[in-house]
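Asker: Attaching a single structure in structure tokens format; questions to follow.
The values are calculated or read from the model by the stated rules, or taken from the named source; none is laboratory data. Treat the numbers as computed from the prediction; the structure is a model and nothing was measured. Positions of Cβ are backbone-derived with ideal geometry, glycine not excepted, and every protein chain shown enters the neighbour counts.
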Amino acid sequence: MNKVIILLSLKRLSLLNLCLGVDIIILVSACLLGINCKYDGSNNWRPHLLKTLEKIPLLPVCPEKLGGLPIPRCPCEIAGGQGSDVIEGIAKVINKEGKDVTGNFLLGAERSLKLAKKHHVSAVLLKNRSPSCGSDYIYDGSFKSCLMPGAGVTAALLKANGIMVFNEDDFQRTGGMYL
């Protein structure tokens, strides 16, 4: 489904939730909510997210942590493709020291999908540019801060299973109008 087709604003989703009893749950990258789970032990806190989403239940996830990686951890990038290529076994996720952590990323993506299905999430809001959560852009695997179009492993798996995936850039650009 194209993002442009989604016409409901978050405030309208909140009204649907309150007035019609429609359960709206949004799975969100935990780092965007201020949880210190980023590779360097920090977060990507976006205070406007909580303000806009205050009446909607949020399910925070960190796919890398769900996949068994520690906090902090060595930076990771996808080498040889993007998330869908990792899922198909064509590309790998490598950390900056050269260690293959593909298995951790696949496990984290599978566990994130399982949570999304279990809780019947309505949409997913992920951290762009992450090798797990990036939905539009990821780093190219060179560890030189070079972006390329593509999705991370978790974002690709969620999209492949028909779940709407957005990122904080979509959210900020539209004021949450696409969710």
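Asker: Only one of these conditions is not met by residue 132: (1) in contact with a strand residue (DSSP E or B) (Cβ under 6 Å, 6 or more places away or on another chain); (2) surrounded by 24 or more Cβ atoms within 10 Å (Cβ to Cβ); (3) part of a loop (DSSP other than H, G, I, E, B). Which number is it?
Answerer: Answer for residue 132: the failing condition is (1).
Asker: Between a residue in the range 138-163 that is under 17 Å from residue 90 (Cβ atoms) and any residue that is surrounded by fewer than 14 Cβ atoms within 10 Å (Cβ to Cβ), which pairs come within a Cβ distance under 8 Å, given they are 6 or more apart or on different chains?
Answerer: So the pair list comes out as 138/147; 140/146; 140/147; 141/80.
Asker: Can you tell me which residue in the range 135-155 is nearest to residue 99 (Cα to Cα), limited to those that are among the aromatic types (Phe, Trp, Tyr) and not in a loop (DSSP other than H, G, I, E, B)? Break it down stepwise before answering.
Answerer: Within the range 135-155, the first condition is being among the aromatic types (Phe, Trp, Tyr), and the residues that meet it are 137, 139, 143.
Right, trim to not in a loop (DSSP other than H, G, I, E, B) and you get 137, 139.
Numbers: 137: 22, 139: 17 Å.
Restricting to residues being among the aromatic types (Phe, Trp, Tyr) and not in a loop (DSSP other than H, G, I, E, B), the top hit is 139.
Asker: Could you give me the residue pairs with C-beta distances under 7 Å whose first residue belongs to the range 90-109 and is surrounded by fewer than 17 Cβ atoms within 10 Å (Cβ to Cβ), whose second residue is outside any helix (DSSP H, G or I) wherever it lies, and which are 6+ apart or on separate chains?
Answerer: Filtered contacts from the range 90-109: 90/80; 90/81; 96/74; 96/75; 96/143; 97/74; 100/92; 100/94.
Asker: Give the range 8-19 a look and list any residue that's assigned to a loop (DSSP other than H, G, I, E, B) and either modelled with pLDDT of 55 or more or not small (Gly, Ala, Ser) (or both), or say none. Outline the logic, then answer.
Answerer: Taking the range 8-19 as the starting set, the residues that turn out to be assigned to a loop (DSSP other than H, G, I, E, B) are 8-9.
Across the range 8-19, the qualifying residue is only 8.
Asker: Taking residue 101, is it at pLDDT 95 or above and among the β-branched types (Val, Ile, Thr)?
Answerer: yes
Asker: What strands (runs of 3 or more DSSP E) lie completely within the range 20-84 and have 2 or more residues being farther than 20 Å from residue 164 by Cβ, in contact with a Leu (Cβ under 7 Å, 6 or more places away or on another chain) and at pLDDT 95 or above?
Answerer: Numbers: elements: 26-29, 58-61, 76-79.
Strands (runs of 3 or more DSSP E) meeting the threshold: none at all.
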